[in-house]
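Here's the structure, in structure tokens; my notes come after.
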Amino acid sequence: MNRLFADGEVIVLVDKVGRRHRVRLRAGERHSIHSGLIQHDDLIGKPEGVVVKTQLGARLLAVRPTFAEQVTGRRRQTQPIYPKDLGAILVGADIYPGARVLEAGTGTGALTMSALRAVGPTGAVVSYEAREDFLEAATRAIVDTMGAIPPNLSLKLGDVYAGVEETEMDRLLLDVPEPWQAAGTARSAVRPGGILFAHCPNVSQVQRFFDCLREVRGFGMLEAYELLQRGWTVRGRSMRPSHRMVAHTGFLCFARRLAEDELFEPEGEGFR
Ligand SMILES: C[S@@+](CC[C@H](N)C(=O)[O-])C[C@H]1O[C@@H](n2cnc3c(N)ncnc32)[C@H](O)[C@@H]1O
């Protein structure tokens, strides 16, 4: 649907070196960047993808922020999951339409919103956050991005290590400093066959998390991987890897909840 830019909405202006400037359009206002001034009225009522000029003649592309830019491009108090990992988590943890997903901690709400998109209106997301100020900030971010708190999202102030009231959840997504402390919660909250995910920035966390799952039992198919994203410069005849890349962010750790108090760890690396 081709919606024209409206008064009050947030857009992104991309300059000639690729810098992105978030701007909330307000009738009668103007926005100043190093290459000149843009009148908001020159953008309101224009289609997405329009190229406008500053009074100094610099060209700027105007587009709506993508989902990844919306959820990670805001000022925030805690580290959101990087876009390169968000998609991999949704596929790796198999977040499907209709799934009931439990999450902790909510943080900025980036993974919460990604999970909401994946479960769709027939699924549900319950997200626990230990800090009231973070929960309030995440609530604002979700309202800003999605227009309101969706009816299938439940945001809860609480400590996931201490246990949760939910049971029979299809998936559990953990992005907390000590995910091994949530192993008991995972046992009681995730249904047999369900998938448990933990984001671990350090390898010592991966080891402790998996050791703890082995200790409490009832989990199998433990696996971890990381994603390195190397961008390419694609300009005319210049086609080469970029000078910088998004290298280490965190290890993505997965396990499946078993029906019995057993362990199931295949010896091989499997065939994926
Ligand atoms: C790295 S942030 C999560 C970021 C989030 N995944 C995102 O995409 O924005 C970790 C969050 O876990 C919260 N937290 C820490 N311990 C917790 C606990 N025991 N229960 C619930 N939340 C907790 C922190 O307050 C913080 O907001």
- prompt: Projected onto the charge dipole of the chain (+1 at Lys/Arg Cβ, -1 at Asp/Glu Cβ, origin at the Cα centre), which of Pro241, Leu157, Gly105 gives the Cα projection farthest towards the positive end?
  reply: Pro241
- line: Any aspartates and glutamates whose Cα falls less than 16 Å from that of Lys156, other than same-chain ones fewer than 8 residues away, would be Glu103, Glu129, Glu132, Asp133, Glu136, Glu165, Glu166, Asp175
- prompt: If you average the sequence gap of Cα pairs under 8 Å that are 6 or more apart and divide by the length of the chain, what percent do you get for the contact order?
  reply: 12
query: For the chain, what proportion of DSSP beta bridges, expressed in % and rounded to the nearest 5, is antiparallel?
result: 60
statement: Ranked output for segments 76-85, 225-234, 17-26 by mean other Cβ atoms within 10 Å, highest leading, reads 76-85, 17-26, 225-234
task: Could you tell me what fraction of 2.2 N^0.38 Å the Cα radius of gyration of the range 54-109 comes to, as a two-decimal ratio?
output: 1.61
- request: Show which aspartates and glutamates lie in cross-link reach of Lys16 when reach means a straight Cα distance below 20 angstrom and same-chain residues fewer than eight apart are skipped.
  value: Asp42, Glu48, Glu69
field: Antiparallel DSSP beta bridges within the range 138-272, as percent of all bridges there, nearest 5
entry: 70
statement: Put Lys156, Lys46 in order of accessible area, largest first, probe 1.4 Å, and you get Lys46, Lys156
- prompt: Projected onto the charge dipole of the chain (+1 at Lys/Arg Cβ, -1 at Asp/Glu Cβ, origin at the Cα centre), which of Thr145, Ala186, Gly218 gives the Cα projection farthest towards the positive end?
  reply: Thr145
task: Mind running the shape call on the range 10-65? Use the C-alpha gyration tensor, a ≥ b ≥ c as the square roots of the eigenvalues: rounded below 1.5 for a/c, prolate if a/b tops b/c, oblate otherwise.
output: rounded
- prompt: With +1 on each Lys and Arg Cβ and -1 on each Asp and Glu Cβ, how big is the dipole of the chain about its Cα centre, in debye rounded to the nearest 20?
  reply: 1800
field: Rounded percent of accessible protein surface that carbon and sulfur make up, the chain, 1.4 Å probe
entry: 50
- line: For the pair Glu165 and Gln77, the simple spin-label estimate (label points 7 Å beyond Cα toward Cβ) gives in nm 2.5
- line: Taking the square root of 5λ for each eigenvalue of the C-alpha gyration tensor of the chain, the equivalent ellipsoid has semi-axes, largest first and in whole angstrom, of 40, 22, 15
message: What figure, in Å² to the nearest 10, do you get for the accessible area of Leu56 with a 1.4 Å probe and non-protein molecules left out?
response: 130
message: Using the basic label-point model (7 angstrom from Cα toward the beta carbon), what is the Asn2 to Ser188 distance in nanometres?
response: 5.6
task: Using just the helices of the chain, give the 222 nm mean residue ellipticity in deg cm²/dmol: DSSP H runs with n ≥ 4 each add -39,500 (n - 2.57), and the total is spread over all residues, rounded to 500.
output: -7000 deg cm²/dmol
message: How tilted is helix 132-146 with respect to the longest principal axis of the chain? Cα atoms for both, answer in degrees (0 to 90, nearest 10).
response: 60
message: Under a crude label model (7 Å from the Cα following the beta-carbon direction), how far is Asp211 from Val52 in nanometres?
response: 5.7
message: Report the gain in length on full extension from Leu157 to Glu69: 0.36 nm times residue separation, minus Cα-Cα distance, nm rounded to one decimal.
response: 29.1 nm
statement: With Cα coordinates, the longest principal axis of the chain makes an angle with the long axis of helix 203-216, in degrees rounded to 10, of 40
field: Projected area averaged over orientations for the range 1-143, convex hull of C-alpha atoms, nm²
entry: 10.0
- prompt: Excluding same-chain residues fewer than 8 positions from Lys46, which aspartates and glutamates have a Cα within less than 14 Å of its Cα?
  reply: Asp7, Glu9
- prompt: In the range 100-178, what GluC sites (Glu not before Pro) fall in a loop by DSSP, with at most 15 other Cβ atoms inside 10 Å?
  reply: Glu165, Glu168
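The values are calculated or read from the model by the stated rules, or taken from the named source; none is laboratory data. It should be emphasised that the depicted structure is a prediction, and the values quoted were computed from it without experimental measurement. Because the Cβ atoms are built from the backbone with ideal geometry, glycine has one as well, and the counts that use them run over all protein chains shown. In case anyone asks, the SASA skips ligands and DNA or RNA and just uses the protein heavy atoms, side chains included. Shrake-Rupley method; radii C 1.70, N 1.55, O 1.52, S 1.80 Å.
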